[in-house]
Structure formats: structure tokens, C-alpha cells
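Step one of this worksheet: look at the structure below.
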Amino acid sequence: QVQLVESGGGLVQPGGSLRLSCAASGSIFRINAMGWYRQAPGKERELVADITSGGSINYINSVKGRFTISRDNAKNTVYLQMNSLKPEDTAVYYCNAGVYTASPLTYTSMDYWGKGTLVTVSS
């Protein structure tokens, strides 16, 4: 079993900052890519940012220059630093990871999801 647990969400005023964390645990041999998704009320889930094991990063246009994704491979943890937050950023944020539970020479990675952490941006 592999588990992803998010933390760091909460209520913040427009222009404020939050730092989200996601820690993976369980039967982990190696983690490939990790990312953050979000889902606002009445909207579809969307990719916010992702980062490969080699450090390649991708952001959606609406968060470029405001959000920063990073990872600590020794801790199996991915972070999302969120600055200059806007009401439009309000959503449940979900962690995602591609995880190898055995050697990648003989196994493929599987996709895992956290249960989400709520971010509310409001005055």
C-alpha cells in the first residue's frame, strides 16, 4: 500500500501565502513524477504544477510567477509554495504521484492520490 497525505491548507486573505506539503509513505521503491491538482466548486479537477524526479517543472499559466513546486526525494515529499493568492485559487488541492513499488527494470509506476486539503482565499 502507498499513501499520500496533504497538509498546509487553510483560510488566507487575498495576497497572502500558504505552503502545502504532501508526504508519501508505504511500499515505495522509487517515486517518478509528483504533482498538485485542484478542484474548485462546480469545476473540473485541473493540474496546477508537477515536477519530475529529475527536476523538470510545469505550471498552468494562471499560477506562473506566484506558485513554486519543489520536492525532497529523501523525505518522499512534494511542496507547493503559494504566494499572492487570489480568490480564484480557492479549491481543494490534491497531491498526485507516480510510484514504483519494485525495481523499474521489471515494474511500471502506478498513480496514487491524496485525499485533498482545502485552500480558501477570502477577505
Counting other Cβ atoms within 10 Å, keep those with at most 16, restrict to DSSP loop, and tell me which chymotrypsin sites (Phe, Trp or Tyr not before Pro) in segment 1-105 are left.
PHE29
Surface share of carbon and sulfur [accessible, 1.4 angstrom probe, percent] for segment 1-98
47 percent
DSSP loop GluC sites (Glu not before Pro) in segment 1-78 with at most 12 other Cβ atoms within 10 Å of their Cβ, which ones?
GLU44
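Please give the direction-averaged projected area of the C-alpha convex hull for segment 1-122, in square nanometres with one decimal.
7.3 nm²
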With a sphere of radius 15 Å drawn around the Cβ of ARG45, what net charge do the other residues whose Cβ falls strictly inside it have (Lys, Arg +1; Asp, Glu -1)?
-3
Largest first, what is the accessible-area ranking of ARG71, ARG30 with a 1.4 Å probe?
ARG30, ARG71
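The values are calculated or read from the model by the stated rules, or taken from the named source; none is laboratory data. Just so it is clear, the structure is predicted and the values come from calculations on it, not from any experiment. FYI the Cβ positions are ideal-geometry reconstructions off the backbone, even for glycines, and counts take in every protein chain you see. What goes into the accessible areas is simple: the full protein's heavy atoms, side chains included, and nothing from ligands, DNA or RNA. Shrake-Rupley method; radii C 1.70, N 1.55, O 1.52, S 1.80 Å.
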